[in-house]
Amino acid sequence: MNFQLRPGHSVVLMSLRAGAPYDDSLLESGRVLIYEGHDVLNLAAGPDPKLVDQPLETPAGKPTENGKFWAAAKVREQGGNAERVRVYEKIKAGIWAYNGTFHLLSAWMEPSKSRKVVKFRMELSDDEDNPVAHHGPLKHQRMIPSQVKQAVWKRDQGKCVLCGDQKNLHFDHEIPFSKGGSSLVAENVRLLCAKHNLAKSDKIE
């Protein structure tokens, strides 16, 4: 979690992979993210982080990243502006995929086994530059599931299928979502570099 890398704009890294350290979840076909806060630091002489309540403050009384996001969520709950949060998803070690920009709407504490964890509710923004935004009724799932992303990454060997570039890659629908293409099968998803993805737009090749 990184709160306000610039004013009104934060970043979180989520994961839906098996064995992920935090319990994140996507609801409503990817439009809603329930994001779990971070544990205390894992120190050699300290307690097991999974047995301690997730903190909103440091021992010195300063807000943790949890606390900063919490305060921003409470501002929104009281009618203020929502914090914009760019969300990236871990699909394998060292590989992250951009899942869009979300608005931070609320925060709460809930029990998890023998401790309490922080939960944040975020909803997808409909900004035009959002790769998973849509307008009108949601007829099928636009968000590409984690297992499909992992299969595509492996199949396409982590590079653009058109030019072989390995930087700034995007998951692209061969048949665009807007034209009925599915997000749920690897056969309709491929890796493209930013140049080829932007050049394609909504065209069917």
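The values are calculated or read from the model by the stated rules, or taken from the named source; none is laboratory data. Quick caveat: nothing in here was measured; it's all calculated off a predicted structure. Cβ sites come from the backbone with ideal geometry, for glycine too, and all protein chains shown count toward neighbours. Ligands, DNA and RNA are excluded from the accessible area calculation, which covers all protein heavy atoms including side chains. Shrake-Rupley method; radii C 1.70, N 1.55, O 1.52, S 1.80 Å.
Structure above, values below:
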| item | result |
| --- | --- |
| Pair list, Cβ < 8 Å and 6+ apart or interchain, from segment 146-170 residues that are more than 17 Å from LEU16 (Cβ to Cβ) to residues that are among the basic types (Lys, Arg) and open to solvent by less than 90 Å² (accessible area, probe 1.4 Å) | ASP156/ARG190; VAL161/ARG190; ASP165/LYS159; GLN166/LYS159; LEU169/LYS159 |
| Residues located in segment 155-181, provided they are of a type in the set (D, E, K, R) and out of contact with any helix residue (DSSP H, G or I) (no Cβ under 9 Å at 6 or more places or on another chain) | ASP156, LYS159, LYS179 |
| Test: residue in segment 27-34 that is of a type outside the set (A, V, I, L, M, F, W, C), over 30 Å from ARG190 (Cα atoms) and open to solvent by 60 Å² or more (accessible area, probe 1.4 Å) | no |
| Residue check, ASN66 out of contact with any Ser or Thr (no Cβ under 7 Å at 6 or more places or on another chain), surrounded by 14 or more Cβ atoms within 10 Å (Cβ to Cβ) and modelled with pLDDT of 95 or more | yes |
